[in-house]
Amino acid sequence: MPAATPSPAATNLARRLGLPSAILIVLGLIIGSGIFLTPQNIAAAVQVPGLMIVVWVVSGLLTLAGALTNAEIAAEITESGGQYVYFRVLYRDWMAFLYGWTSFIVYQTASIAAIAVAFARYLEYFVPLPHLSPALEAWQLPLFSNITPLADFGVKAAAILSILLLTWVNYRGVEFGAAVQNVFTALKVLALGGIVVFAFTSAQGSVANFFPLWGAPPSGNWLAAVGVAMIAALWCYDGWNNLTYIAGEVKEPQKNIPRALVLGTLATIALYLLINLAFLYVMPITEIAASKLVAAEAMAKVLGPWGGGFIALTVMISTFGIVNTTCLTASRLYQAMAQDRLFFAGYAEIHPVYRTPGKALLAQGVWSALLTFTGTYEQLFLYAIFAAWIFYALGAAGIFVLRRKFPNPQRAYATPGYPLVPLLFVLVATWFVINTLIEQTADSLVGLLLVLAGLPFYLYWKRQLQSTFQPEQPS
């Protein structure tokens with residue numbers, strides 16, 4: 001079994017996280033700023049309350065299919081590193097490296113930068129942030145006219161400070177980082193629950209907003225409308241698999257990781273449905289579709305002048321929490337790569353006191369801060385989405401490889417509905433990749449080039465570092 005032969009990446013991290021923390025980490029990773037930004041996009045695509053709810057349910061069930069599939073793999077391969085380790089065990093080293101490379105260079109770090117900037121923008125609702133002169137903020141880097149590092153100076157400074165603060169929090173220990181995460185996830189869920197309660201107890205709402213429940217979307221093409229809407233919804237459900245990055249620090253991983261993935265995803269589906277029902281109760285779907293800030297407008301109807309501040313605070317809590325969780329989880333991926341001699345050797349080191357991958361955390365924090373400063377994070381993240389879904393499809397397909405390479409009738413966890421559940425997720429992920437390639441060809445090709453740019457680095461580490469430092473043999 002793969003779990004019986006861990007690489008050194010699994011041997012130096014202490015298992016200190018129980019099931020409650022693991023569930024809260026899944027919730028904290030999924031629920032970010034998307035739930036406040038995308039309902040209007042989905043409403044605009046379908047224009048029918050029933051279809052809007054169907055989109056959230058179907059997208060949630062597809063996410064659950066991915067979680068159920070990854071849960072079986074995670075129960076068998078209990079090392080830290082998540083998808084990177086799965087690709088190494090089930091496929092090839094070079095595929096694992098390209099996943100880790102993409103995560104470090106673009107996907108995870110640009111995500112940290114983008115969400116930290118969102119936090120800072122909502123912070124400005126309460127605290128005036130400094131601005132430089134228009135001339136300074138318009139200054140462009142020589143040879144890179146699209147990079148204006150001093151633009152939105154105050155927002156970027158606040159975002160960078162939040163990244164560095166949370167890097168320090170997670171540097172100080174996984175329990176410290178998880179405690180911060182648990183607090184902010186609990187506050188996030190309470191705040192979202194508050195939106196639901198305020199909406200359904202408000203005199204401003206009406207059940208009539210749910211009707212007519214069914215009808216054809218404006219385009220007349222149900223499949224196309226639902227497909228466009230699901231792209232936005234699936235983005236809101238993203239992040240569920242990052243728990244597997246810290247599998248080496250979860251107690252009883254064969255039991256707790258599958259439970260956390262499934263329970264955390266189910267809780268998110270329920271919460272997202274309640275939030276969208278609350279929005280529909282307060283606002284007709286035509287208003288939601290025309291809105292730019294549906295959550296703020298809905299709460300303004302319910303709470304009056306206090307509504308904007310309540311939503312701003314809720315988004316701050318949500319985004320700060322998800323930056324913390326991403327800092328905590330993603331750093332373990334780079335540490336696992338370094339332990340396998342496929343990344344900078346220093347990133348493999350575990351702090352002797354705090355038992356965290358200190359250098360990997362610091363490198364991740366510095367690179368995320370640099371992406372924030374240059375302002376390139378948003379475009380890079382868009383490029384990487386295409387590649388991310390390729391890895392999602394390969395990761396889910398790994399369950400078929402797992403069962404073939406490591407047959408075991410007594411698995412710690414078996415995916416319900418196998419093989420249909422994982423096959424469904426693989427097919428949808430493949431459709432997403434093809435659809436993105438057709439609709440956004442240029443961005444998709446750039447994203448693919450960013451991934452393939454890692455091949456020369458893989459060859460370097462494979463030939464140079466591994467010739468000098470032989471990997472330790474498992475005991």
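Read-outs: derived from the displayed coordinates by stated rules, not from any lab. All figures in this text were calculated on a predicted structure; none of them were measured in a lab. Neighbour counts run over all protein chains shown; Cβ positions are idealised from the backbone, glycine included.
Taking 0.36 nm per residue of separation and subtracting the current Cα-Cα distance, fully stretching the chain between V197 and A138 would add 16.8 nm. Angle of helix 108-123 to the longest C-alpha principal axis of the chain, folded into 0 to 90 degrees and rounded to 10: 30°. For the pair F457 and T286, a Förster radius of 60 Å applied to the C-beta separation gives a FRET efficiency near 0.75, rounded to the nearest 0.05. Within the straight-line cut-off of under 29 Å between alpha carbons, the lysines reachable from K156 are K188, K292, K359, sequence neighbours fewer than 8 places apart in one chain being disregarded. Taking Cα centre as origin and charging only the Cβ of basic (Lys, Arg, +1) and acidic (Asp, Glu, -1) residues, the dipole magnitude of the range 79-169 rounds to 140 debye.
Relative contact order for the chain using alpha-carbon pairs under 8 Å, separation at least 6, rounded to a whole percent?
34
Measuring r between the beta carbons of L313 and L213 and using R0 = 45 Å, the FRET efficiency lands at 0.85.
For the pair L161 and H131, a Förster radius of 22 Å applied to the C-beta separation gives a FRET efficiency near 0.85, rounded to the nearest 0.05. Approximating the spin labels as points 7 Å out from Cα along Cα→Cβ, the R355-to-D93 distance works out to 3.0 nm. The label point for L370 and the one for E252, both projected 7 Å from the Cα toward the Cβ, are 4.3 nm apart.
A cut-off under 15 angstrom between Cβ atoms defines the neighbours of L263, and their net charge, with Lys, Arg +1 and Asp, Glu -1, is +1. Identify the residues of the range 352-396 with backbone N under 20 Å of a label point that sits 7 angstrom from the Cα of W168 along the Cα-to-Cβ direction, or state none. Taking a point 7 Å out along Cα→Cβ of W168, the residues of the range 352-396 whose backbone N falls under 20 Å are 352-373.
Computed extension length for I434-L273: 55.2 nm, one decimal, from 0.36 nm per residue of separation with the Cα-Cα distance subtracted.
Quick one: which of 20-27, 167-174 comes out on top by average Cβ neighbours within 10 Å, and what's the full order, highest first?
The packing order, highest mean first, is 20-27, 167-174.
When the alpha-carbon atoms of the range 101-212 are used, the pair Rg, Dmax equals 19.7, 57 angstrom. Given their separation in residues at 0.36 nm each and the Cα-Cα distance between them, E378 and L223 gain 52.9 nm when the chain is fully extended.
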